[in-house]
Amino acid sequence: MTGVMTTESQAIMARARQLFPGGVNSPVRAFGGVGGEPFVVQRGEGPYIWDADGNRYIDYVLSWGPLVLGHAAPVVLDALHDVMQRGTSFGIPTGLEVQLAELIVQRMPHIEMLRFTSSGTEAAMSIARVARAATGRDAILKFDGCYHGHADSFLVKAGSGVATLNLPNSPGVPAVLAALTYTAPFNDLEAVRAVAMQVPLAAILIEPIIGNAGFIEPLPGFLAGLRQIADETGALLVFDEVMTGFRIAYGGAVERFGVTPDLTAFGKVIGGGLPVAAYGGRRDLMQQVAPSGSVYQAGTLSGNPLAMAGGLATLTSLTPELHAIISRRTSTLVQGLRDVMQKADVPFSASSAGSMWGFFFHPGPVTNFAEARQSDVPLFNRFFHAARERGVYLAPSAFEAAFMSAAHGDDVITDTLERLSDAIRVAKS
Ligand code: KE4
């Protein structure tokens, strides 16, 4: 029997599995949700990535959101090349972090002061600490399906029933800490009110559109209702815009929904593919962060000049006009997908906001994570692999959002729809 040829990806992953848990440096990359063997990427350019065996894919994951200009955008590469000539890291203030912060504040005026970190986890974790210090309260409330990074307080799962104490969702998370995090279903104001009236909350923390359970939008009035509950009960309202920031609208969730949080976490797009995140908001709250205040938070590579240059090049290029173009193309893709799935006669619902989109194999509407979990995951998994075999890379999980970039031209979208039309024909049978 001839030996099965080992692909280059398989050979590299075999070595990786000896070195990293699951062979990866972040769990979702291991394809655990969809099964099969992850591939190793060799390079990316524009809307495309190539794996170690030379297979090309149209990429709708875009490094889980950061690459709103596409892979290896020339303007980003030029900025990095220029800045690295002067050194790569100092641990000393540089003008670049000021410039990027001014750009963020200019587009999101509710951000009066901010702090850069190197990951969204750090940003969200720091916000929890600031909220607890500012309110003198320990409890926080999050929503089923929302992900805010892997800090202990956020790795919790809903207990039985609605708005109950939470249980650790990972070994190593102390039960006493998990018990300080309450969970409510997305879009359920009564559940939030039930907790907030019983328990003094430091913060109500939410992804304004959930990107970590697929793509789930707030019902009209839901975010405004959270603002009201927060004001009535003395909790802070926190938007985790690590994924939605500069994607669902030029000015993020505040522009799209007209609700202003007290603190916001950012990430992904503001680094343009380099490790950047940030948290910020009301000046009176942010001034409590060391060294101006006593809430400690720090980071060796926070505000790193390379990362700042990546973010500056990206946000400077992302003009309102370009954002509108990408958003329009995203709508075209989503409508095209609806048509494809209708012809294939499969239960399907899809939506988009700016340059972020997502779908479920579910008739819809999907208004919370429990409903999302009723979608046809086995069909999604077959569709994921059929799409990948036809050169389209979607997130390797039924519960992740998808993204669009400036590099995904109309021709790429047309090509995508043709490929996915064949993929669903195979996946549904
Ligand atoms: P990081 O620590 O991974 O930079 O950011 C955590 C985070 C915080 N908030 C939101 C809304 C996020 O989406 C994330 C990270 N998103 C995931 C994608 N679901 C990153 C991919 C991964 O975990 O490898």
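Here are the numbers for the structure shown:
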quantity	calculated
Scan of the range 237-254 for residues that are more than 11 Å from Ala353 (Cβ to Cβ) and more than 10 Å from the ligand (Cβ to nearest atom), ordered by number	Leu237, Val238, Phe246, Tyr250, Gly251, Val254
Top-ranked residue in the range 130-144 [being in a helix (DSSP H, G or I) and β-branched (Val, Ile, Thr); ranked as farthest from Gln288 (Cα to Cα)]	Thr135
Count of residues meeting criterion [under 16 Å from Gln106 (Cα atoms), away from the ligand (no atom under 14 Å from the Cβ) and outside any loop (DSSP other than H, G, I, E, B)] in the range 255-287	4
Residue in the range 193-200 that is open to solvent by less than 10 Å² (accessible area, probe 1.4 Å) and under 24 Å from Gly267 (Cβ atoms) present	no
Condition broken by Ile111, with the remaining ones in (1) more than 16 Å from the ligand (Cβ to nearest atom); (2) open to solvent by 10 Å² or more (accessible area, probe 1.4 Å) satisfied	(2)
Exclusive hit being modelled with pLDDT of 95 or more, within 16 Å of the ligand (Cβ to nearest atom) and within 24 Å of Glu255 (Cβ to Cβ), set Val68, Val105	Val68
Positions within the range 394-414 being within 16 Å of the ligand (Cβ to nearest atom) and open to solvent by 30 Å² or more (accessible area, probe 1.4 Å), in sequence order	Phe399, Glu400
Those helices (runs of 4 or more DSSP H) lying entirely in the range 311-429 with at least 1 residues hydrophobic (A, V, I, L, M, F, W, C) and under 21 Å from the mean Cα position of the chain (by Cα)	320-344, 369-372, 377-389
Within the range 139-152, considering residues that are at negative phi and within 13 Å of the ligand (Cβ to nearest atom), the one surrounded by the fewest Cβ atoms within 10 Å (Cβ to Cβ)	His150
Total residues in the range 68-90, condition farther than 30 Å from Ala402 by Cα and open to solvent by 70 Å² or more (accessible area, probe 1.4 Å)	6
Residues of the range 202-214 satisfying the condition of being open to solvent by less than 10 Å² (accessible area, probe 1.4 Å) and either within 16 Å of the ligand (Cβ to nearest atom) or part of a loop (DSSP other than H, G, I, E, B) (or both)	Ala203, Ile204, Ile206, Glu207, Pro208, Ile209, Ile210, Gly211, Ala213, Gly214
Evaluation of Arg17 against (1) more than 16 Å from Ala395 (Cα to Cα); (2) outside any loop (DSSP other than H, G, I, E, B); (3) within 24 Å of the chain's Cα centre (by Cα); (4) more than 16 Å from the ligand (Cβ to nearest atom) (one fails), failing number	(3)
Cβ-Cβ under 9 Å pairs, at least 6 apart or on other chains, the range 315-343 side β-branched (Val, Ile, Thr), far side modelled with pLDDT under 95	Thr319/Tyr250
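The values are calculated or read from the model by the stated rules, or taken from the named source; none is laboratory data. Keep in mind that what you see is a predicted model, and the values were worked out from it rather than measured. When we count neighbours, we look across all protein chains shown, and the Cβ atoms used for this are built from the backbone with ideal geometry, even at glycine. Just so you know, the surface numbers come from the protein's heavy atoms only, side chains and all, with ligands and any DNA or RNA stripped out. Shrake-Rupley method; radii C 1.70, N 1.55, O 1.52, S 1.80 Å.
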